[in-house]
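Inspection log for the structure reproduced underneath, given as structure tokens.
The values are calculated or read from the model by the stated rules, or taken from the named source; none is laboratory data. Since the model is a prediction, treat every value here as computed from it, not as a measurement. Virtual Cβ from ideal backbone geometry, glycine too; neighbours counted across all protein chains shown.
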Amino acid sequence: MSEESTLVVSKIKNGTVIDHIPAGRALDILTVLNINGREGYRIAILMNVESKKLGKKDIIKIEGRMLSVEELNIVSLVAPRATINIIEDFAVITKHRVETPNYIEGVLRCPNPTCITNKRSEPIKTKFKTVSKDPIKLQCEYCGAIIAWNEIPKLIARKR
Ligand code: CTP
Ligand code: ZN
């Protein structure tokens with residue numbers, strides 16, 4: 001058989017579609033958004049699908065959930081070229097291109113165990129400077145530790 005096969009996933013009625021995620025990184029996006037699937041949202045995760053721009057890409061469709069601006073910034077740490085589509089009544093009402101902020105405050109843990117931000121007695125909000133955007137590289141303002149792009153998911157400071 002030589003016919004081309006496609007993976008068809010329904011359009012959503014209301015919610016958020018995160019598109020143009022680098023292939024294979026969709027699960028990291030869910031991690032940084034603190035979504036584990038037990039919240040009850042209907043979620044479609046498409047991985048390694050064809051894309052004109054990227055060759056292959058991932059897509060996440062979350063029904064009934066809108067992302068805040070803060071969350072959009074976090075998405076950029078994993079998917080610097082993602083587009084966030086807000087869907088209302090089946091139509092794309094806004095399309096945001098995520099942008100890596102110059103500073104990231106309070107979102108990530110510092111990987112250096114002796115950093116002042118990891119001291120239990122006097123917790124200080126972390127602050128990282130974006131020293132490179134492509135690929136993303138961050139530097140702790142307190143101890144100088146460097147975070148590479150692939151380390152970001154495991155350094156997300158999870159909300160309780
Ligand atoms: N989408 C969806 N449900 C809708 C509307 C759109 O799941 N009711 C999805 C589309 O499947 C697509 C993304 O949201 O993955 C963006 O939709 P659209 O802007 O219509 O697609 P494109 O023009 O291809 O987007 P872009 O220009 O950003 O590549
Ligand atoms: Zn540090």
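General remarks:
- Meets criteria (in contact (Cβ under 8 Å) with a residue 40 or more places away in the chain, away from ligand 1 (no atom under 16 Å from the Cβ), out of contact with any strand residue (DSSP E or B) (no Cβ under 9 Å at 6 or more places or on another chain) and closer than 17 Å to Val75 by Cα) for Lys154: no
- Whichever residue in segment 108-136 is under 19 Å from Ala82 (Cα atoms) and touching a helix residue (DSSP H, G or I) at 6+ places or on another chain (Cβ under 7 Å) and, among such residues, is modelled with the highest pLDDT: Ile136
Here's the yes/no breakdown for (1) within 15 Å of ligand 1 (Cβ to nearest atom); (2) acidic (Asp, Glu); (3) touching a residue at least 40 places away in the same chain (Cβ under 8 Å):
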site	(1), (2), (3)
Gly24	no, no, no
Leu27	no, no, no
Val32	no, no, yes
Gly37	no, no, no
Val49	yes, no, yes
Lys52	yes, no, no
Val75	yes, no, yes
Ile84	yes, no, yes
Thr94	yes, no, no
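- Hey, Ala91 crowded, with 16+ Cβ neighbours inside 10 Å and at pLDDT 90 or above or not: no
- Lone unmet requirement of (1) in contact with a Phe, Trp or Tyr (Cβ under 9 Å, 6 or more places away or on another chain); (2) more than 16 Å from ligand 2 (Cβ to nearest atom); (3) among the hydroxyl-bearing types (Ser, Thr, Tyr) for Thr117: (2)
- When Ile93, Ile74, Ile104, Ile84 are checked against the criterion of being within 14 Å of ligand 2 (Cβ to nearest atom) and either at negative phi or β-branched (Val, Ile, Thr) (or both), Ile104 stands alone in meeting it.
- Which listed residue is touching a Ser or Thr at 6+ places or on another chain (Cβ under 8 Å), of a type in the set (S, T, N, Q), under 21 Å from Ile136 (Cα atoms) and modelled with pLDDT under 95, from Thr31, Thr100: Thr100
- Residue ranges of strands (runs of 3 or more DSSP E) in segment 19-89 with at least 2 members small (Gly, Ala, Ser): 43-51
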